[in-house]
Amino acid sequence: MNDRILYVRLPCNPIFPIGVVYLADHVHKLFPDVSQRILDLGTIPPLDFGAALDRCIDEFKPTLLVFSWRDIQIYAPVGGRGGNPLQNAFEFYYARNPFTKLRGAIGGLRMVSSYLTELWRNQNLIQRGLKRARQYCPEARSVVGGGAVSVFYEQLGKVLPKGTIISVGEGEALLEKLLHGQDIADERCYIVGETQPRDRLIHEQPAPLEKTACNYDYIAEIWSDFDYYLQEGDFYIGVQTKRGCPHNCCYCVYTVVEGKQVRINPADEVVKEMRQLYDRGVRNFWFTDAQFIPARRFMNDAIELLQKILDAGMTDIHWAAYIRADNLTPELCDLMVKTGMNYFEIGITSGSQELVRKMRMGYNLRTVLQNCRDLKAAGFNDLVSINYSFNVIDETFDTIRQTIAYHREMERIFGADKVEPAIFFIGLQPHTHLEEYAFKNNILKRGYNPLAIYFPWVAKKLLWNPEPLGSFFGEVCLQAWQQNPNDFGREVMNILEQRLGVAPLEEALTAPIDSKEPKEPKELTAV
């Protein structure tokens, strides 16, 4: 077999490229004679991207290039692409001071320019790599996949080279068929210029796969920059314990990309993988699952895994994950603390049970609070990040007050200095329930281009902050950036409480069938 696969992780923030690593490991186990190499452009200076790609292709002469494209969207509550996208957008849309509005416009133009440059750059790298590989192998092909591609696969088909295979979701089964020379028509993919994506392609279920421990001795052989992520213990190294998410949260695309069927990786294999990294000096692990404990029926799997980590003697590690805290038990809490969990994120989105229900998130806020108390009682004294997305469907001043009450209770449980509110405004993504809601309510028109955020009227709709509360939240956020930009989330909560007050906690934990009429805030002063 003369196949030679080059995996190219396209430029992004230096996050451990677990998707590429797992693909290469899977192929090696099934096709040990296939030559492989990994090129991670996230570890290379921007001016050297093209030269590094050329050099690698000249040395390796691949017959198949697999490009991993992780990021496209630019909305975020933190800095990136030379600025804070959320702040620039809010300054442009909501600031009353013309100089602040101008600053937001300039910052927004700068980031749109960067966004378009990145789109062009990644398209160019894919074209460049394929063209160069065909100098050595005229039949060379390219596969493009990754998180960004799985969400925007329909749009990217218009800009990638003819013949490119666009892969949606997981790529193991697709690569198996390519290497066997089999027909790929039934896989979650399509070929640019030759086939069209099937309707609702992203909603098709991925192939079942039971994953074994990644062979990191082999990965180190084919990836010269592997040690970049092991330097001085700076990075959390990704380990996957399961795939899939069974929930229907209205704004989330995980459940369609990974599928609703949760597939558990055997605990022994996960520990074996962690042990290899541990022996290489890794002490910080991030469980990269969509949710570490996605539902109550998977609690025993989590208990088994954590107990086996403990039994393996890796007592000086730290780990972190996204966690649905409604699925904790006192036993799980105890094991989490004993195995070194030192950070976790809860994506509750709202502290109002009424809104949690409307967003189809499927959890009980009262249970979350009790489980957090159990976690604190077990000895957890580290950081908790709570993700809030204000102005979701049917937000009112009452539900805002309820969220404030809920957050204050979380602070009472863990300590105010340990609870970090991460303020998001949902980026509307294709293939979600929220997108369908936007179609039905004439917020978006079918056939819109979700990549066209260079048009302000498109960008404003995709950054979900609709009126009548959109301007109010814009004012609050602008005031928070002005008063305390280094602690934005806490400042937003403080300003909201000053303006609106706080509801009784019991009101936040109750979801009445008939919503109350929203009350007027104490004040709606301009920034």
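The values are calculated or read from the model by the stated rules, or taken from the named source; none is laboratory data. Just so you know, these numbers come straight off a predicted model, no measurement behind them. Glycine also receives a Cβ, built like all others from the backbone with ideal geometry; neighbour counts cover every protein chain displayed. These area figures cover heavy atoms from the full protein model, side chains too; ligands, DNA and RNA do not enter into them. Shrake-Rupley method; radii C 1.70, N 1.55, O 1.52, S 1.80 Å.
Pairs only if they're at least six apart or on different chains, beta carbon under 8 angstrom, first in the stretch 218-241 and closer than 11 Å to ARG283 by Cα, second open to solvent by 70 Å² or more (accessible area, probe 1.4 Å) and of a type outside the set (A, V, I, L, M, F, W, C); list them, first residue then second.
LEU230/ARG280; GLY233/ARG283
Which of the residues spanning the stretch 99-140 are open to solvent by 50 Å² or more (accessible area, probe 1.4 Å) and β-branched (Val, Ile, Thr)?
Selection gives ILE106, THR117.
Filter the stretch 365-414 down to the residues that are touching a strand residue (DSSP E or B) at 6+ places or on another chain (Cβ under 7 Å) and free of Cβ contacts under 8 Å to residues at least 24 places away in the same chain and list them by number.
The one that is touching a strand residue (DSSP E or B) at 6+ places or on another chain (Cβ under 7 Å) and free of Cβ contacts under 8 Å to residues at least 24 places away in the same chain: GLU411.
Can you tell me which condition GLN182 does not meet? The list is (1) among the polar types (S, T, N, Q); (2) under 27 Å from the mean Cα position of the chain (by Cα); (3) more than 19 Å from SER68 (Cβ to Cβ), and all the others hold.
(2)
Tell me, which residue of the stretch 241-267 that is polar (S, T, N, Q) and surrounded by fewer than 19 Cβ atoms within 10 Å (Cβ to Cβ) is nearest to the chain's Cα centre (by Cα)?
Selected residue: ASN248.
What pairs come out if I take residues in the stretch 295-306 that are closer than 15 Å to GLY244 by Cβ and surrounded by 15 or more Cβ atoms within 10 Å (Cβ to Cβ) and pair them with residues that are among the polar types (S, T, N, Q) and modelled with pLDDT under 95 whose C-beta lies under 6 Å away, six or more apart or interchain?
Listed by first residue and then by second, the contacts come to nothing, as the list is empty.
Yes or no: LEU328 among the hydrophobic types (A, V, I, L, M, F, W, C), at pLDDT 95 or above and buried (at least 18 other Cβ atoms within 10 Å of the Cβ)?
No; evaluated as a whole, the condition is false for this residue.
Kindly check whether there is at least one residue in the stretch 420-434 that is under 26 Å from ALA325 (Cβ atoms) and of a type in the set (D, E, K, R).
Yes: one or more hits.
Tally time: how many residues in the stretch 28-69 are under 28 Å from THR212 (Cα atoms) and either open to solvent by 30 Å² or more (accessible area, probe 1.4 Å) or within 28 Å of the chain's Cα centre (by Cα) (or both)?
21
If you check every pair at least six apart or on different chains, which have Cβ atoms under 6 Å apart with a residue in the stretch 174-196 that is touching a residue at least 12 places away in the same chain (Cβ under 8 Å) first and a residue that is loosely packed, with under 12 Cβ neighbours inside 10 Å second?
VAL192/LYS162; GLY193/LYS162
Quick test of your reading of the structure: LYS177 fulfils all but one of (1) within 28 Å of ILE15 (Cα to Cα); (2) modelled with pLDDT of 95 or more; (3) open to solvent by 30 Å² or more (accessible area, probe 1.4 Å). Name the failing condition by number.
Looking at each condition in turn, LYS177 falls short on (1).
Among the listed residues ASP382, ASP374, identify the single one that is touching a Lys or Arg at 6+ places or on another chain (Cβ under 8 Å) and farther than 20 Å from LEU496 by Cβ.
None of the others qualify; the one that does is ASP382.
Run down GLU170, GLU194, GLU187, GLU154 and say which single residue is open to solvent by 10 Å² or more (accessible area, probe 1.4 Å), under 25 Å from LEU116 (Cβ atoms) and of a type in the set (Asp, Glu).
Going through GLU170, GLU194, GLU187, GLU154 in turn, just one is open to solvent by 10 Å² or more (accessible area, probe 1.4 Å), under 25 Å from LEU116 (Cβ atoms) and of a type in the set (Asp, Glu): GLU154.
Inside the stretch 333-365, can you point out the residues that are open to solvent by 10 Å² or more (accessible area, probe 1.4 Å), in contact with a Lys or Arg (Cβ under 9 Å, 6 or more places away or on another chain) and aliphatic (A, V, I, L, M)?
Across the stretch 333-365, there are no qualifying residues.
Tell me which residues, restricted to the stretch 141-151, are surrounded by fewer than 22 Cβ atoms within 10 Å (Cβ to Cβ) and either at pLDDT below 95 or in contact with an Asp or Glu (Cβ under 8 Å, 6 or more places away or on another chain) (or both).
GLY147, ALA148
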